[in-house]
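The values are calculated or read from the model by the stated rules, or taken from the named source; none is laboratory data. The structure presented is a predicted model; accordingly, all values stated were derived computationally and were not measured. Here the Cβ positions follow ideal geometry from the backbone for every residue, glycine too, while neighbour counts run over all protein chains shown.
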Amino acid sequence: MSSSAYGIDLGTSNIKICAKGSKEIFCQKNMIAIEGKGNLFAYGDDAHEMYEKAPGNIHISYPLMNGVIADINNMQTLIHCFMEEICGGNIRPADYYIAVPTDVTDVEKRAFYDLIKNANVKAKSVMVVEKAIADGLGLEIDVKNSQGVLVVDVGYDTTEISILSLGGIVVSRLIKVGGLKFDDAIRSAVRKEYSLIIGGKTAEKVKNELADMAYAEQPSVVYGRDIVSGLPVEREIPTDLVEEYLYEHFVTIIDNIKLILERTPPELAADIYRQGIYLTGGACQVSQLSQLISNGTNLKVNVAEHPVESVALGLGRIIEDDNYKSVAYLPGGAD
Ligand SMILES: Nc1ncnc2c1ncn2[C@@H]1O[C@H](COP(=O)(O)OP(=O)(O)OP(=O)(O)O)[C@@H](O)[C@H]1O
Ligand SMILES: [Mg+2]
């Protein structure tokens, strides 16, 4: 039997895991529910299901913040739970590849390595891969031979904008804008314009359905609590109002893409101009964003077919094909 290997994309909102020899990507919410003084109550999608509904003695949280590990103990517990689930309760020794953001400190990168080493998952080896490189591979780009690839990954807490060339990263910038900021903008729009308080999950649903609703020329229907009467009500929210509130965050992303383009060595610009921008990450699907990026940069925008999974798909290619192993490395200070 061939040796086991796993690739992990530790997203702030979703954890995605690929396994050697399998085409399927395991994807669950990166959330944990702790009861009382520290008992594991639920994890993953089950914990997310309880979010905003649980009583006070159950604490539900995301162990990652802004793309980096904020709560190591809970993150280790989660990794162990997910691997147990994937391995059917029998975790066997395996090699691990873990994706890390580029524009973070070496200590933060190293924390991803330590996490897997200490998660009690029988890691034989742990290698890290820059997220944008994995994204590129997941998007089927020949990252080792291309000279100038612009990848924009719009995730939950962050957007990572990177220029790749010849299998490495030339420049990368992590900004604190993503799906969560979009959800918050929708919540404040509904509150300001309709005096209605809605939950984060409702706002997320509005955002994710926005493109379909706008296309069908239908308003979004939300349930929330009226600020004045304090009673639960249902309201119709026009899609153009929501889009208006999202706009400022789209502008932040576009301005940062332009900034990166300004810092790109001119020799790489030719490939970027020819190929356009590669847009991925779950929140890149939000209504209008790809079009506005294209308008704002005068570049073609290629939207990923599987935006949530592209990093994990790329890690899968590294695991399956020795030709790509050279993009993975041991972080500084690792033994
Ligand atoms: N159809 C959709 N339209 C808009 N946003 C969407 C859609 N589907 C998913 N999303 C958003 O994508 C985000 C999750 O994407 P993803 O899994 O790429 O993030 P992540 O990897 O967990 O986060 P990060 O990379 O910031 O750590 C969530 O904010 C989710 O609401
Ligand atoms: Mg991500």
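What's the total number of residues in segment 206-236 that are touching a Phe, Trp or Tyr at 6+ places or on another chain (Cβ under 7 Å) and either in the same structural domain as E52 (by TED's automatic domain parsing) or in a strand (DSSP E or B) (or both)? I'd like the intermediate steps shown before the answer.
Our first condition is that a residue be touching a Phe, Trp or Tyr at 6+ places or on another chain (Cβ under 7 Å); within segment 206-236, this holds for 207, 232, 234-235.
After this cut, where a residue has to be either in the same structural domain as E52 (by TED's automatic domain parsing) or in a strand (DSSP E or B) (or both) as well, the list is 232, 234-235.
Number of matching residues: 3.
Based on this model, can you work out whether A189 counts as away from ligand 2 (no atom under 16 Å from the Cβ), closer than 27 Å to S13 by Cα and either free of Cβ contacts under 8 Å to residues at least 12 places away in the same chain or more than 20 Å from the chain's Cα centre (by Cα) (or both)?
It is true that A189 is away from ligand 2 (no atom under 16 Å from the Cβ), closer than 27 Å to S13 by Cα and either free of Cβ contacts under 8 Å to residues at least 12 places away in the same chain or more than 20 Å from the chain's Cα centre (by Cα) (or both).
Taking segment 32-49 as the search range and keeping residues that are modelled with pLDDT of 95 or more and not in a strand (DSSP E or B), which one is surrounded by the most Cβ atoms within 10 Å (Cβ to Cβ)?
Among them, the one singled out is A47.
Being within 30 Å of Y324 (Cβ to Cβ), modelled with pLDDT of 95 or more, buried (at least 18 other Cβ atoms within 10 Å of the Cβ) and within 17 Å of the chain's Cα centre (by Cα) narrows it down to one of E204, E160, so name that one. Full working, then the answer.
Details: E204 fails: within 30 Å of Y324 (Cβ to Cβ).
When all the criteria are applied, what remains is E160.
Residue check: is S172 over 18 Å from A283 (Cα atoms) and either touching an Asp or Glu at 6+ places or on another chain (Cβ under 8 Å) or modelled with pLDDT of 95 or more (or both)?
Values: over 18 Å from A283 (Cα atoms): yes; either touching an Asp or Glu at 6+ places or on another chain (Cβ under 8 Å) or modelled with pLDDT of 95 or more (or both): yes.
Yes; evaluated as a whole, the condition is true for this residue.
Which condition does V177 not pass, out of (1) farther than 20 Å from D322 by Cβ; (2) out of contact with any Gly (no Cβ under 9 Å at 6 or more places or on another chain); (3) more than 16 Å from ligand 1 (Cβ to nearest atom), if it passes all the others?
(3)
So, in segment 50-91, exactly how many residues are over 21 Å from K37 (Cα atoms), away from ligand 2 (no atom under 16 Å from the Cβ) and either modelled with pLDDT under 95 or outside any helix (DSSP H, G or I) (or both)?
5
With the requirement that a residue be more than 10 Å from ligand 2 (Cβ to nearest atom) and under 28 Å from A70 (Cα atoms), what does segment 1-23 give you? First the steps, then the outcome.
Within segment 1-23, the first condition is being more than 10 Å from ligand 2 (Cβ to nearest atom), and the residues that meet it are 1-8, 17-23.
Selection gives A5, Y6, G7, I8, I17, C18, A19.
Could you look through segment 1-23, keep only residues that are among the charged types (D, E, K, R) and away from ligand 1 (no atom under 16 Å from the Cβ), and pick out the one that is surrounded by the most Cβ atoms within 10 Å (Cβ to Cβ)?
Going through segment 1-23, the residues among the charged types (D, E, K, R) turn out to be 9, 16, 20, 23.
Pick out the ones that are also away from ligand 1 (no atom under 16 Å from the Cβ) and you get 20, 23.
On the way: K20: 16, K23: 9.
So, considering only residues that are among the charged types (D, E, K, R) and away from ligand 1 (no atom under 16 Å from the Cβ), the one surrounded by the most Cβ atoms within 10 Å (Cβ to Cβ) is K20.
One line per residue, one yes/no per condition, for (1) within 25 Å of G200 (Cα to Cα); (2) without any contact (Cβ under 8 Å) to a residue 24 or more places away in the chain:
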residue	(1), (2)
G56	yes, yes
H59	yes, no
A70	yes, yes
L78	yes, no
M83	no, no
P93	no, no
V104	no, no
K109	no, no
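Conditions first: (1) within 16 Å of ligand 1 (Cβ to nearest atom); (2) within 22 Å of K29 (Cβ to Cβ). V151 passes all but one, so which condition is the exception?
All conditions pass for V151, except number (2).
Does segment 243-296 hold any residues that are aromatic (F, W, Y) and either crowded, with 18+ Cβ neighbours inside 10 Å or within 14 Å of ligand 1 (Cβ to nearest atom) (or both), and which are they? Before the answer, list the steps.
Just the residues of segment 243-296 that are aromatic (F, W, Y), to begin with: 245, 247, 250, 273, 278.
Result: Y245, F250, Y278.
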